[in-house]
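Heads up, the thing below is written out as structure tokens.
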Number of protein chains: 2
Amino acid sequence: MHDMKDIFDTVKSNRISENIVHQIRGAILRGELKIGDRLPSEKDLAMKFGVSKSSLREAYRVLEAYGLLEIKQGMSGGAFVKEVDLKTIKDGLVNYFFFQNPSIREYTQIRTFIEPEVVKICALKITDNDIDYLKNNISEMEKEVDGENFMSDLDCAFHKKLADITENTMISLIVESVQTALINVKRMLQMNHDFLTMVCDGHKKIVGALCERDPDKAGKEMLQHIIEVETGMLACKNGDMVLTETGILKSDTGR
Amino acid sequence: MHDMKDIFDTVKSNRISENIVHQIRGAILRGELKIGDRLPSEKDLAMKFGVSKSSLREAYRVLEAYGLLEIKQGMSGGAFVKEVDLKTIKDGLVNYFFFQNPSIREYTQIRTFIEPEVVKICALKITDNDIDYLKNNISEMEKEVDGENFMSDLDCAFHKKLADITENTMISLIVESVQTALINVKRMLQMNHDFLTMVCDGHKKIVGALCERDPDKAGKEMLQHIIEVETGMLACKNGDMVLTETGILKSDTGR
DNA sequence: AATATTTTAAATATCAGATGTTTTAAAATA
DNA sequence: TATTTTAAAACATCTGATATTTAAAATATT
């Protein structure tokens, strides 16, 4: 009836460091260790666990990679419990998406699900300060369109700002991660001057609708913007890159 | 005009292991190292980098935590480049959400954005095999409602299956991660028998609409299901937990 | 008295090398 | 030929020594 695989997890390595990681992560997730708590020194904790310093240090490196610990050197240094930050998660997603290599169509699809809804909420919650921020973002971006500085992170910041207005952590995380991944693709494709102008115009229309506090109009403007971006990217040809149904490939690697 | 902080990144630790992590991760992300490639042995690579074995091992632990390497023991073992898997990312998100502690409202909001759209696509793409899978999932779940086994991961699997039908990696990742986090909350709240029955009924209605290949109906059923789940969770009182506007708190910790 | 400098101690970072364990391939044996 | 044994390659762990970093304490200077 049931295969054993359905019942038991495969037993992984018995590495000491993994055991320690499991214990400390568990203590944090159970709330026994709080943000800012300092763990005993390497020497003491290694003794307590009955392991060598090297094994403990490997565990520390892993927990640090998870973003759960921060290790400080020097007197009154040590290992401190830390809140996992956005950067840790975003870096992880970058690693993941590198192998997944989503297609432009996939990026567009997830964006059309979320971002029009986001701006609908924004239209109801946005403050004058927020609008100032967005207008400023657009004018900074227009400067870059003319200059050499090319795109930078202003596009990402625009969409993240809108997501942040929803005050929903998960939405912010998703929007920012998708934007970051997408902007990497744009960089690879080396989008041209016209494309950047189009992006600025789209952003202006969205902010215009938000100024009127019109949710439906904002939603429609965002949807159109997303589609225009997709069209622009699909139209873009670049010698090194190949756009396919299943992703963006470097042609020279022949993957 | 510009603060130096805008121009330069703060220089972090000069830890040797971090330097090595940076180099190897860079080589993978630049495509110089491919999936399955084996790095030189600890001894050789440490020599090549001009560092001690311990430093190299710490770097390996970090890259392993990122999901980029798999280290195998024994003859013809070693460090192999690996595709980052979903589990790595999900675990990271669990860590992140533990500190963010999103509210039920936030979970519902992101779900209402994505999942009704997902089933609309499903209604167009779903196969008979997929429908069999979903029906089977529901009947397995009904068994658990009566028994002791309580919920398990079938609820998550149902929603993930729908997400997978879209063939959009990012959607699958998001839906599965949100589901996993939400199910942890449900476990804490110890949802009762009626709630589980309601979930099964909701799933049945969704599959019903999918059988008819009716996108709008499927979308509406999913939306209603999500709202029912929210209502059910908000109505649930549990001695150890407190539901607030900003999240789910353990009352005894007094956070 | 206030400030600047130097010293010191606690903690992590790194290294070197010895020993143990795991895994697989090859060699020996049945 | 099939099985068992053996050997070697690679990671896992431990020990202990040395270097570096950092903040606080002590000292010197203004």
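The values are calculated or read from the model by the stated rules, or taken from the named source; none is laboratory data. Fair warning: this is a prediction, and the values are worked out from it, not measured in the lab. Here the Cβ positions follow ideal geometry from the backbone for every residue, glycine too, while neighbour counts run over all protein chains shown.
Set side by side, the residues B:Lys72, B:Lys82 differ, and just one is crowded, with 18+ Cβ neighbours inside 10 Å, within 16 Å of DNA strand C (Cβ to nearest atom) and of a type outside the set (Val, Ile, Thr), which is B:Lys82. Would segment A:130-146 turn up any residue that is within 13 Å of another protein chain (Cβ to nearest Cβ) and at pLDDT 95 or above? No, there is no match, as no residue in segment A:130-146 is within 13 Å of another protein chain (Cβ to nearest Cβ) and at pLDDT 95 or above. Among the criteria (1) of a type in the set (S, T, N, Q); (2) within 9 Å of DNA strand D (Cβ to nearest atom); (3) under 28 Å from the mean Cα position of the chain (by Cα), the one A:Ser55 does not fulfil is (3).
Note on segment B:64-85: among residues that are within 12 Å of DNA strand D (Cβ to nearest atom) and touching a Leu at 6+ places or on another chain (Cβ under 6 Å), the one that is nearest to A:Phe98 (Cα to Cα) is B:Leu69. Can you tell me which residues in segment B:59-91 are modelled with pLDDT under 95 and within 16 Å of A:His22 (Cα to Cα)? Residues satisfying the conditions are B:Lys87, B:Lys90, B:Asp91.
Out of the residues in segment A:25-37 that are in a loop (DSSP other than H, G, I, E, B) and within 13 Å of another protein chain (Cβ to nearest Cβ), state the one that is nearest to A:Phe80 (Cα to Cα). If we take residues in segment A:25-37 being in a loop (DSSP other than H, G, I, E, B) and within 13 Å of another protein chain (Cβ to nearest Cβ), then A:Gly36 is nearest to A:Phe80 (Cα to Cα). Name the residues in segment A:205-217 that are surrounded by 18 or more Cβ atoms within 10 Å (Cβ to Cβ) and either free of Cβ contacts under 8 Å to residues at least 60 places away in the same chain or not aliphatic (A, V, I, L, M) (or both), would you? Across segment A:205-217, the qualifying residues are A:Pro215, A:Lys217. Within segment B:20-54, restricting attention to residues that are touching a residue at least 40 places away in the same chain (Cβ under 8 Å) and either among the polar types (S, T, N, Q) or surrounded by 16 or more Cβ atoms within 10 Å (Cβ to Cβ) (or both), which residue is nearest to DNA strand C (Cβ to nearest atom)? The extreme case among them is B:Val21. Do we find that A:Lys43 is within 16 Å of DNA strand D (Cβ to nearest atom), charged (D, E, K, R), out of contact with any Leu (no Cβ under 7 Å at 6 or more places or on another chain) and not in a strand (DSSP E or B) in this structure? Judged against the criteria, A:Lys43 is a match.
Okay, residues lined up against (1) at the interface with another protein chain (Cβ under 10 Å from one of its Cβ atoms); (2) aliphatic (A, V, I, L, M); (3) over 25 Å from B:Thr88 (Cβ atoms):
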{"residue": "A:Leu39", "(1), (2), (3)": "no, yes, no"}
{"residue": "A:Lys43", "(1), (2), (3)": "no, no, yes"}
{"residue": "A:Tyr60", "(1), (2), (3)": "yes, no, no"}
{"residue": "A:Lys72", "(1), (2), (3)": "yes, no, yes"}
{"residue": "A:Ala79", "(1), (2), (3)": "no, yes, no"}
{"residue": "A:Val94", "(1), (2), (3)": "yes, yes, no"}
{"residue": "A:Ser103", "(1), (2), (3)": "yes, no, no"}
{"residue": "A:Val119", "(1), (2), (3)": "no, yes, yes"}
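Scoring B:Val94 on the criteria (1) away from DNA strand D (no atom under 12 Å from the Cβ); (2) not in a helix (DSSP H, G or I) leaves a single failure, condition (2). Contact annotation: residue pairs with Cβ atoms under 7 Å, 6 or more positions apart or on different chains, pairing a residue in segment B:56-79 that is closer than 18 Å to B:Asp44 by Cα with a partner that is among the polar types (S, T, N, Q), are B:Glu58/B:Ser17; B:Ala59/B:Ser17; B:Arg61/A:Ser17; B:Gly78/B:Ser41.
Contact map, segment A:166-195: first residue more than 10 Å from chain B (Cβ to nearest Cβ), second residue among the hydroxyl-bearing types (Ser, Thr, Tyr), Cβ cut-off under 6 Å, separation 6 or more or different chains; pairs are A:Leu182/A:Tyr107. Of all residue pairs spaced 6 or more apart or on separate chains, those with beta-carbon atoms under 6 Å, a first member in segment A:90-110 that is without any contact (Cβ under 8 Å) to a residue 60 or more places away in the chain and a second member that is in a helix (DSSP H, G or I) and surrounded by fewer than 20 Cβ atoms within 10 Å (Cβ to Cβ) are A:Phe98/B:Leu29. Exactly one residue out of A:Lys186, A:Lys220 is basic (Lys, Arg) and either surrounded by fewer than 18 Cβ atoms within 10 Å (Cβ to Cβ) or in contact with a Ser or Thr (Cβ under 8 Å, 6 or more places away or on another chain) (or both), and it is A:Lys220.
Only one of the numbered conditions (1) out of contact with any Gly (no Cβ under 6 Å at 6 or more places or on another chain); (2) assigned to a helix (DSSP H, G or I); (3) surrounded by 16 or more Cβ atoms within 10 Å (Cβ to Cβ) is not met by A:Ile89, and that is (1). Against the list (1) free of Cβ contacts under 8 Å to residues at least 60 places away in the same chain; (2) over 21 Å from B:Asp214 (Cβ atoms), the condition B:Tyr133 fails is (2). Regarding A:Asp153, is this residue surrounded by fewer than 20 Cβ atoms within 10 Å (Cβ to Cβ), farther than 15 Å from A:Val119 by Cα and either within 14 Å of chain B (Cβ to nearest Cβ) or more than 21 Å from the chain's Cα centre (by Cα) (or both)? In short, yes.
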